[in-house]
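Input: a single structure, listed below in structure tokens.
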Amino acid sequence: MSLLLQTLGLILVTMVANSTQQELIGRKIGNRHFLDTRRGPAYTEKDVSFPSSGQVIGWKYFSKGTGIIDLQVWRPDRAGRCTSMKLIGTTRVNVQGTGTRTFMLAENKRISVQAGDVVGWNILQDGGIIPFSGSSGSQNLCYQQYAKPTVSRTYDLDDRISFNRRRFYSIAAIFASPQSSQAIGFATTNRSYRDGASALTFVDKRASFPSDGEITKWEFYAKVSGKVYLQIWRPATSGSCSNMQVVEDTILKVNKAGLVKYTLKTPLQVKAGDLIGWSHPGEGIIAYSTESPSNTQNQCFGRFASTTVGRTYNPTDTMSYRTNRMYSVKAYFRAL
């Protein structure tokens, strides 16, 4: 993948990739016994809430009838309370069939949520659509009989349900939350040195991925402008520099010294034990410092720079100068 990047100050123009994990927030989806009979009621869950910030990217529900219903996200003033509830977002759905159904939202229609927000819905017609099971236990839903809520306004949904006060509706939000990532590599600071020779390849034996996953972003410190190939290498044997395969590379051209951050449009797939590497056809641009003891070599090293993804190489050369090095380069990794 070859890309030309231009700097704006010290930060490169960044292409942002979305990376999320999905789960259902709500009740089990299935055919239940009862249906609402009148239009108007608004309901929200009290004890099922979103666990963190994220987005509602769709809805899943069981329909027992057809018609129009608003599927909603509400924000309680306090957990478990039904007064001073703010309507955060709503999705109007024209239900045209029965059974288990999924309604995905266009990106500009998704609803941003916070931890503690709850799922709700508003019935807009006589005759129910989403079935519920119920009993005479304590009321577990916030409820208002004649609600016509508007987004961003606050309401009291504290009416009493008169029949089957404890209810479980077949509705859930499809919730997407950002996955956490970890940095594999080293602090991207301005270090003392850079490689002055051309056509060199490095693979750092300490920068190993702990599991299968994907890289979402590269980061390094460039002491000068130039071209660099950021790579993923797969050793045939752990700890060995022989028979190493190039599995991914990102070619970047930097036109100004400084901190470089590049977020991948398409994440790079890695396996447990893969290593971070880099090569440069001209002089090196990535900053490095030397560590003690000075005779330790932590990188597989080759006096070549022309590599092809999928090919196997032997970067087994010995460095002749400042062999114990730490380079300012890292990858942001997310386990899968």
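The values are calculated or read from the model by the stated rules, or taken from the named source; none is laboratory data. Computed from a predicted model, the values in this text were never measured in an experiment. Note that we place each Cβ from the backbone using ideal geometry, even for glycine, and neighbour counts take in every protein chain shown. Each accessible area value is taken on the protein alone, full model and side chains, heavy atoms only, with ligands, DNA and RNA left out. Shrake-Rupley method; radii C 1.70, N 1.55, O 1.52, S 1.80 Å.
Quick notes
- Matching residues in segment 106-146 - criterion: being closer than 20 Å to PHE50 by Cα, open to solvent by 30 Å² or more (accessible area, probe 1.4 Å) and among the acidic types (Asp, Glu): GLU107
- Restricted to segment 222-272, and to residues there that are part of a loop (DSSP other than H, G, I, E, B) and open to solvent by 70 Å² or more (accessible area, probe 1.4 Å), the residue that is nearest to PHE333 (Cα to Cα) is LYS271.
- Single match in ALA183, ALA173 (criterion: under 30 Å from TRP74 (Cα atoms) and either part of a loop (DSSP other than H, G, I, E, B) or of a type outside the set (S, T, N, Q) (or both)): ALA173
- Test: residue in segment 192-202 that is among the polar types (S, T, N, Q), open to solvent by 50 Å² or more (accessible area, probe 1.4 Å) and in contact with a Gly (Cβ under 8 Å, 6 or more places away or on another chain): yes
- Of ASN164, ASN190, all but one fail to be touching a Phe, Trp or Tyr at 6+ places or on another chain (Cβ under 8 Å), assigned to a loop (DSSP other than H, G, I, E, B) and at pLDDT 95 or above; the exception is ASN190.
- Verdict on THR312 being open to solvent by 20 Å² or more (accessible area, probe 1.4 Å), modelled with pLDDT of 95 or more and in contact with a Cys (Cβ under 6 Å, 6 or more places away or on another chain): no
- All conditions in (1) free of Cβ contacts under 8 Å to residues at least 60 places away in the same chain; (2) over 14 Å from ASP204 (Cα atoms); (3) acidic (Asp, Glu) hold for ASP249, with the sole exception of (1).
- Of the set (1) part of a loop (DSSP other than H, G, I, E, B); (2) open to solvent by less than 40 Å² (accessible area, probe 1.4 Å); (3) of a type in the set (Gly, Ala, Ser), all apply to GLY277 but (1).
- Checklist (1) under 15 Å from ALA199 (Cβ atoms); (2) in contact with an Asp or Glu (Cβ under 6 Å, 6 or more places away or on another chain); (3) of a type outside the set (Ser, Thr, Tyr); (4) surrounded by 14 or more Cβ atoms within 10 Å (Cβ to Cβ) applied to GLN299, failing item: (1)
- Single residue of segment 315-327 satisfying the filter (of a type outside the set (Gly, Ala, Ser) and open to solvent by 30 Å² or more (accessible area, probe 1.4 Å)) that is farthest from ARG194 (Cα to Cα): THR316
- Filtered residues of segment 81-105 (kept if open to solvent by less than 50 Å² (accessible area, probe 1.4 Å) and under 12 Å from GLY65 (Cα atoms)): VAL95, GLY97, GLY99
- Qualifying residue in segment 132-142 (condition: modelled with pLDDT of 95 or more and more than 23 Å from PHE62 (Cβ to Cβ)): no
- Any pair with Cβ under 6 angstrom, 6 or more apart, that starts in segment 217-244 at a residue that is without any contact (Cβ under 8 Å) to a residue 24 or more places away in the chain and ends at one that is of a type in the set (Ser, Thr, Tyr): none
- Residue that is surrounded by the most Cβ atoms within 10 Å (Cβ to Cβ) [pool: residues in segment 147-174 that are touching a Pro at 6+ places or on another chain (Cβ under 8 Å) and of a type in the set (Phe, Trp, Tyr)]: TYR169
- Pairs meeting the criteria (first residue in segment 147-163 and touching a residue at least 60 places away in the same chain (Cβ under 8 Å) and among the acidic types (Asp, Glu), second residue in a loop (DSSP other than H, G, I, E, B) and surrounded by 10 or more Cβ atoms within 10 Å (Cβ to Cβ), beta carbons under 6 Å, at least 6 apart or on different chains) are ASP156/THR83; ASP158/CYS82; ASP158/THR83.
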